[in-house]
1. As a test of the formula, what do you get for chain A when each DSSP H run with n ≥ 4 contributes -39,500 (n - 2.57) and the sum is divided by the residue count, at 222 nm and rounded to the nearest 500 deg cm²/dmol?
2. I need the chymotrypsin sites (Phe, Trp or Tyr not before Pro) found in the stretch C:229-314, filtered to DSSP loop residues with at most 11 other beta carbons within 10 Å of theirs.
3. Among DSSP beta bridges whose residues both lie in the stretch C:3-232, state the antiparallel percentage, nearest 5.
4. If contacts are Cα pairs under 8 angstrom and at least 6 residues apart, what is the relative contact order of chain B in percent?
5. If you roll a 1.4 Å probe over the heavy atoms of the protein chains, what accessible area per residue do you get for chain C, in Å²?
6. Using a 1.4 Å probe on the protein heavy atoms, what percent of the accessible area of the stretch C:1-92 belongs to carbon and sulfur?
7. Which ³J(HN,Hα) values in Hz, rounded to whole numbers, follow from the phi angles of the stretch B:134-151 under the Karplus curve 6.51 cos²θ - 1.76 cosθ + 1.60, where θ = phi - 60° and Gly and Pro get x?
8. Probe of 1.4 angstrom, ligands and nucleic acids ignored: what's the accessible area per residue over chain A, in square angstrom?
Amino acid sequence: MRSSVSRLSLWLLLTPFLLWIVLLVLLPHLQMLRVSFQVRESWDTLTWGLQQYQNFFTESYYWRTFVRTGVMSLFTTFLTLIIAFPIAWYIARLARGRSKGILFMACLIPFWASELVRTYGWMILLRESGLFSSWLQALGWVDGPVEMLYNDVAVIIGLVYNGLLFMVVPLVTTLDGMDENLVEAGYDLGGGHGTVLREIVVPWAMPSIVSGCIVVFMLTLGSYLTPVLMGGKDSAWFTEQIFTQFITRFNWEQGAALGVLLLVLSSVIVWLGLKVSGQSLRKVMG
Amino acid sequence: MIRSVPRSRLFDGLYLAYLVAFFVYLALPLLVTAVFAFNDAPFPSLPWKGFTLDWYFADGSYSADGSAGRTGLFHDDGLLRALWVSAKIAFWVTLVSVALGCVNAVLFERLHFRGKEFLYLLMLLPLVIPGVILGVSILVFYSGMANDISAAWGIELDVFRPGMTLVVMGQVTFIATLSTLVIAARLRKFDPQLEEAALNLGATPLVAWFTVTLPWLLPSIFGAAAMAFLMSFENFNTTVMLTGSDTPLTVALFNRLREGSTPVLNAVALLLMVGSALLALLVMGRSSR
Amino acid sequence: MDSDLFCEGLVRRFGSNAAVDHISLDVPAGTFFSILGPSGCGKTTLLRLLAGFDKPDEGDIHIRGQRMNDVPPNRRPVNMVFQHLALFPAMSVGDNIGYGLKRRKVPVAERRKRIAGVLEQVGLPGLEYRDPQELSGGQRQRVALARCLVLEPTLLLLDEPLGALDLKLREQMKVELKHLQKQFGTTFVYITHDQSEAMVMSDQVAVMREGRFDQVAPPEELYREPATPFVAGFVGDNNRLAGELVAIRDNLAEIRLDDGSLVQGRVASGDLETGRRAELYIRPESLVLSGDALSTGFSAMQAKVRTTLFDGANSRVEAENGGQPVYARLPQDGSAPKLSAGSAIRLAWDPVLARVFGADNP
């Protein structure tokens with residue numbers, strides 16, 4: 001009797017979970033995969049084929065953007081980590097009492113605004129008629145308006161800004177839980193700043209470094225607003241192409257293929273990241 | 001590097017400068033956006049022309065000197081409608097995600113069954129799928145299904161056409177994972193002995209759950225709800241793929257922004273920031289009590 | 001039947017390992033019954049079987065003559081004080097104590113009266129509205145007790161509740177628990193790994209090892225007449241001297257220790273055979289430092305002083321005999337000689353106070 005009750009409760013709890021995962025995650029993605037292999041011969045005839053994938057490789061515009069998006073996302077992730085680590089260290093280990101809480105809250109502030117608002121803020125600052133341009137002119141450093149928007153640097157500034165929160169928070173949490181004696185023991189046994197950082201602090205923070213990097217990378221790779229609004233003519237982002245296929249060209253087959261490729265790219269890079277750092281998805285995200 | 005290890009003056013100075021620069025970087029875009037919501041000029045840029053509340057309250061009528069009227073946020077029907085659509089979407093997403101989060105948390109923290117590790121990984125999956133793809137796949141599956149059914153039998157399944165239902169579904173896909181993680185983290189810290197103590201004092205398992213376990217989870221449920229609401233309200237990548245004729249706020253703002261920026265956008269942005277901040281403070285105030 | 005708890009042949013297996021292995025016990029009403037054993041001996045499993053959080057694979061549990069095996073935990077007339085107390089964090093002291101009464105649908109006024117009453121009895125009058133987290137360790141302990149006692153259970157189970165307290169408070173609570181048990185007259189089943197807790201409080205102590213009871217007896221009997229070498233070694237300090245059994249006479253066993261001295265002790269197990277190895281257990285306080293004069297009938301052996309361990313009334317001398325350490329109590333009334341490391345001493349004892357077990361007996 002005991003086992004039948006627990007079996008019933010297991011199924012009661014398992015059902016919503018399975019509905020969610022199967023109906024919203026698994027089936028849609030399988031269908032997307034299927035559609036990506038369908039070739040439209042006329043308006044109502046479909047055959048199987050690799051046409052969309054061939055398009056991707058033959059059309060240099062596609063794969064160039066693809067590679068560019070991947071590389072820039074990796075670079076952004078790395079930059080975010082480098083910028084966030086000293087901040088997280090300060091909040092977790094050097095700040096005390098009230099200032100600690102206040103600084104931590106301050107890091108969360110950008111999250112109170114959506115990506116759109118944040119990007120908009122940067123546009124007001126960077127564009128030709130923007131604040132930086134006006135200030136530079138007022139200071140007399142430049143003669144005319146300067147356009148700082150619509151280039152890759154602007155895109156990266158915006159992307160790093162979007163990702164910082166997701167890097168700082170896990171880092172602060174882990175570094176805060178580190179026993180200070182570990183670091184003291186490191187120095188006590190003759191280690192220098194570099195050794196202690198490399199051999200004690202970074203290994204300790206590794207799970208949060210990896211989880212921060214995964215989240216930031218995913219956000220960057222999948223971001224749409226920032227590259228579209230802040231990027232220039234030559235700085236296309238891969239998500240834009242997916243968007244174009246679906247929304248403006250109604251070419252679902254091609255869009256699905258590009259979607260599958262983006263998914264493969266993100267999965268491979270996340271998997272590689274986990275392998276190289278020796279972490280597991282469960283440990284890092286759960 | 002830590003307090004007990006001596007550092008040089010120069011290092012401290014540089015570190016402090018870096019911190020200041022970092023927080024300026026964080027605050028500047030938001031600050032600028034907020035300030036220009038009150039600039040008495042048609043474009044959100046310098047020079048400062050004086051303080052005005054027009055971008056909130058102007059009703060679009062011609063002003064005394066006969067110049068073209070401004071339409072403030074509270075008279076802008078398009079934006080207000082989009083705000084309402086977003087609120088409705090966020091409400092449903094919050095409800096479904098938090099309910100799923102509770103059920104999943106119990107499933108993964110309290111029950112033991114075969115294949116649990118695998119299912120847990122499936123649960124984490126939406127976190128490593130780009131938002132755009134989540135939107136695209138749901139569009140392809142459900143809208144495609146609606147198309148096929150319409151073509152084959154002439155039955156119109158409008159729920160599965162781009163629109164509010166699909167947007168809610170798309171957002172729930174990943175927000176449910178986040179709320180599961182928040183609630184499960186709290187449940188993990190729950191001492192199962194408390195439930196046993198309740199049983200021991202005569203409570204049935206159901207009563208024990210409602211009198212002991214649920215009150216323990218409540219702070220995390222509120223936290224997850226606030227997070228889900230904000231995430232839903234601010235989401236763009238998934239939403240834009242699934243939205244139909246009634247556009248939610250972020251999509252509406254994006255369309256406006258492409259036409260050109262006006263201080264009304266700043267006004268909306270500031271309103272959103274204040275709203276999020278209030279919600280965050282509310283939840284934090286609750287959980288610290 | 002006037003036993004409050006009666007178990008027969010209880011078995012609980014985890015895989016191939018039996019955590020509870022054919023345990024039978026009988027606890028008369030109003031008894032303070034302790035189960036004493038090292039960690040991992042299965043005592044917690046046994047307690048969980050009694051509370052109903054786990055089910056026995058074999059055997060029956062009867063409480064006041066009622067078979068309990070299929071009764072869920074919330075219907076058993078049994079309450080439990082948990083190891084970490086398990087006070088509900090979101091509830092006040094009063095709500096914690098009232099929790100069980102509420103489940104029984106006791107009306108509010110009555111409930112309030114009984115909460116106040118039980119708080120008075122455990123010595124915490126008027127603390128109903130306090131938050132359990134604000135209380136001291138000892139006070140929380142009493143709240144946990146009150147939460148159970150207010151329900152007037154037939155049986156109160158206690159799972160090492162004193163473990164978390166500091167030494168001094170633990171000493172106090174031992175005495176207090178004993179008084180509370182007498183005052184309420186409830187049957188207590190108390191599990192612990194601390195022999196001093198079991199000895200001070202209990203009417204009966206069961207010594208448990210590897211899922212079985214080695215001996216069930218009042219504390220004094222346990223101390224004076226341990227039934228197994230394990231009990232002899234686990235309950236109180238004891239010296240173990242190994243040797244070869246030479247003869248058995250008048251219930252006294254004669255052993256030749258490894259250093260050659262011939263000593264005697266009472267026969268304590270049935271498996272003694274002359275010519276086989278045997279072990280003699282003698283308590284430090286039974287050893288006297290004798291000069292050359294020896295009381296008639298006493299056994300004695302030579303030993304070499306290693307060091308003295310001063311600890312007030314518990315001061316001891318550590319000596320060695322044939323490579324085995326031997327401890328003897330050093331009386332602090334001035335009668336003990338001054339001992340220096342390396343000096344030879346003679347340790348003597350009344351054979352009636354020593355117990356001899358066969359060495360093969362595990």
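1. Working: 15 runs with 201 residues, N = 286.
That calculation yields -22500 deg cm²/dmol at 222 nm.
2. Working: sites: C:F230, C:F234, C:Y281, C:F298, C:F310; in loops: C:F298, C:F310.
Here the sparse-neighbourhood loop sites are C:F310.
3. Values: 22 of 40 bridges.
Among the beta bridges of the stretch C:3-232, antiparallel pairing accounts for roughly 55 percent.
4. Details: 325 pairs, mean separation 78.5, N = 289.
That works out to 27 percent.
5. Numbers: 16370 Å² over 362 residues.
Per residue, chain C has 45 Å² of solvent-accessible surface.
6. Working: 1680 of 3750 Å².
For the stretch C:1-92, the apolar C and S fraction of the accessible surface comes to 45 percent.
7. Result, ordered by residue: 4, x, 4, 5, 5, 4, 4, 5, 7, 5, x, 4, 4, 4, 4, 5, 5, 5 Hz.
8. On the way: 13470 Å² over 286 residues.
Per-residue accessible area for chain A comes out at 47 Å².
The values are calculated or read from the model by the stated rules, or taken from the named source; none is laboratory data. Since the structure is predicted, the reported quantities are computational estimates derived from the model, not experimental observations. Cβ coordinates were reconstructed from backbone atoms using ideal geometry, including for glycine residues, and neighbour counts include every protein chain displayed. In case anyone asks, the SASA skips ligands and DNA or RNA and just uses the protein heavy atoms, side chains included. Shrake-Rupley method; radii C 1.70, N 1.55, O 1.52, S 1.80 Å.
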